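Written below as structure tokens is the structure these notes are about.
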Amino acid sequence: MEKAAGCPSVGGSYPQKNAEILSSQYGINLFLAGLLLTFAWAVHAVGISKSHLLSYLITLMLIQLLWMLWYLCRSCTQRRLIRDKDTHAGARWLKCGITLFAVITLILDSFKIGYYIDFSKCLSPTEGIFPVAHAVHTILQVYFLWCHAKDIIQSFKTLERFGVIHSVFTNLLLWTNGVLTESKHQLNEHKERLITLGFGNITIVLDDHAPQCNCTTTTLCSIFSQGIYYLYPFNIEYHILASTMLYVLWKNIGRKVEHHQQHKTPFKFHGMTVGMIFGLIVLTSTIAIVVVYLIQIGRSKIRSELALTMFYLHAIFVLALMCTAGIVALLIYRLEDRSLDNSKNPARKLDAELLVGTAAGSWLLSWGSILAIICAQAHPKYTWYNLPYSVLVIIEKYVQNLFIIESIHREQEKGNDDIKTLRIVTVSRGSTLSLTPSYKEIYNGRAACDNGEVPCLFKGSIHGRENDGGDGAKEETSQDKSSVMHSASDFSFYSRNSVTNGKRRILKNIAAFLFLCNLSLWIPPAFGCRPEYDNGLEEIVFGFEPWIIVVNLAMPFSIFYRMHSAASLFEVNCKT
């Protein structure tokens, strides 16, 4: 009988598990087909043009638009139903971040439309349709994520799994397309710079996908073509953020959540002035370094070497500070006795996996540079700075990942802000006495007196009643003892509380500093400051084509790591 009773529950889980497996396989095949189409266009495969790739992407976006419209309409008709929500998914700051990237992506789409209009005589119609479809897709998707990123879908689960996973891999393909287009542009500039560094033995063949006709208005064409590549980093971050939020939504389909109160963690600037100041100094100096680097690199051999040396010295200093800050934070955690929250949480699990997975991109480049320095026969002076830089990149990501993952898994401290002071007032012979023990004692479970006979709360009440006929001297002595006892308890609590607040303040400053440092280190590779391209030593050791393939595969993950780390550190700052 027990086996028969258990059969429906066990059997009922199979269709949902099968739906999850089938939908994931559908998404992977969708992605692989688009990936091969993208690769074929990149290598100028016979019979494959850019219009074929764009047509495939447009089709995927239209299917996702139809699914999102159906989901939104169904949600409106079921507005009164109470739905489960994942309080950890789709944080407000994350929605604000993706909205900012989406706005810049819309500007990018408008530039592409303008570029198509100027070259309309020799461009495929799909190059004009694509930015329009992409703009509509962006607007609706951001609205969808704002309204439904926290949803835990419990109806039409099989259909919704396919719809959400389709959206995940559509965004991943759009991300891949953006990465490839931006990388091809960076590669062309890189090949031209290598000549100025004296690497003439490397074959320079530019990969040109420019239109084969003249522009109608030269000035506008120049603005559009140059502006597009400065906006691509924001478009790339937008699609990878959207795909991660949609993936969490997919993992939450059919999930049963425990209903417990979620403490809100608003962001506060109070208590992290030092970290913000040092972080802003790093951010400002990094922007200045990037501007000088982009101006000087490729001008001449001497200027290029000076630009690389300047970049390495600045990066070494910043990474050393970040390593030190991360180690200090981990030491503080070792001194604390706080339990970890090991409850099932798809968003938190994805954050940890993305941190380690995307860090592997930087580690791959760093180990490549270290091997190149060891194996190279000739070493220009500026290449030696690459060795400590590469070692620090490996150590800094290792330490920072430990800090972030432990921070997001630590149970949120129910600090003194949640403790309310309790006052019990009794009136005796026309006088008002505050007979309540301090809130510190209530919080620490020491409302009773040390002698264990009568709780302080009632002892104070007894003293109040004995005022009528008791001895005045005994009453005064008793009150003095009680006062001394409370003073000692208050002193011990304040000393402990001041130490705890001091640790929290240090952790908030470290999180704020690392947050701004990660934003700072996102800027150079995102906007073309890439010494892995311009150093030249790796191309000699590994060969030009193999090293460029490694860089093009690893660099997008390295760039995403910095933005994802900044987002995770923002969450850490809110929780601390």
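List the number of the failed condition for Ser124; all other conditions in (1) within 18 Å of Ile58 (Cβ to Cβ); (2) open to solvent by 10 Å² or more (accessible area, probe 1.4 Å); (3) in a helix (DSSP H, G or I) hold.
Unmet for Ser124, out of (1) within 18 Å of Ile58 (Cβ to Cβ); (2) open to solvent by 10 Å² or more (accessible area, probe 1.4 Å); (3) in a helix (DSSP H, G or I): (3).
Search the range 548-559 for residues that are closer than 15 Å to Glu538 by Cβ and pair each with any residue that is aromatic (Phe, Trp, Tyr) and open to solvent by less than 20 Å² (accessible area, probe 1.4 Å) when their beta-carbon atoms are under 7 Å apart and the residues are at least 6 apart or on different chains.
That search, which allows pairs on different chains as well, returns Val551/Tyr533.
Do we have Lys85 as surrounded by 14 or more Cβ atoms within 10 Å (Cβ to Cβ) and modelled with pLDDT under 80 here?
Details: surrounded by 14 or more Cβ atoms within 10 Å (Cβ to Cβ): yes; modelled with pLDDT under 80: yes.
Considered against the rule, which asks whether it is surrounded by 14 or more Cβ atoms within 10 Å (Cβ to Cβ) and modelled with pLDDT under 80, Lys85 comes out as yes.
I need every pair where a residue in the range 527-540 that is among the hydroxyl-bearing types (Ser, Thr, Tyr) has its Cβ under 8 Å from the Cβ of a residue that is buried (at least 21 other Cβ atoms within 10 Å of the Cβ), sequence separation at least 6 or different chains.
Tyr533/His190; Tyr533/Val551
Quick one: Ala526 ticks every box in (1) open to solvent by 10 Å² or more (accessible area, probe 1.4 Å); (2) modelled with pLDDT under 85; (3) out of contact with any Leu (no Cβ under 8 Å at 6 or more places or on another chain) except a single one, so which number is it?
Ala526 satisfies every listed condition except (1).
Give Ile139, Ile113, Ile104, Ile204 a once-over and let me know the one that is out of contact with any His (no Cβ under 7 Å at 6 or more places or on another chain), open to solvent by 20 Å² or more (accessible area, probe 1.4 Å) and at pLDDT below 85.
Among Ile139, Ile113, Ile104, Ile204, only Ile204 is out of contact with any His (no Cβ under 7 Å at 6 or more places or on another chain), open to solvent by 20 Å² or more (accessible area, probe 1.4 Å) and at pLDDT below 85.
So which of Gly275, Gly298 is touching a helix residue (DSSP H, G or I) at 6+ places or on another chain (Cβ under 8 Å), crowded, with 17+ Cβ neighbours inside 10 Å and modelled with pLDDT of 85 or more? Let's see the steps before the verdict.
Working: Gly298 fails: modelled with pLDDT of 85 or more.
Unique residue meeting the criteria: Gly275.
Take Ile395 and decide whether it is under 26 Å from Ser568 (Cα atoms) and open to solvent by 20 Å² or more (accessible area, probe 1.4 Å).
yes
The values are calculated or read from the model by the stated rules, or taken from the named source; none is laboratory data. Keep in mind that what you see is a predicted model, and the values were worked out from it rather than measured. Cβ coordinates were reconstructed from backbone atoms using ideal geometry, including for glycine residues, and neighbour counts include every protein chain displayed. Heads up: the accessible areas ignore ligands, DNA and RNA and are worked out on the full protein's heavy atoms, side chains in. Shrake-Rupley method; radii C 1.70, N 1.55, O 1.52, S 1.80 Å.
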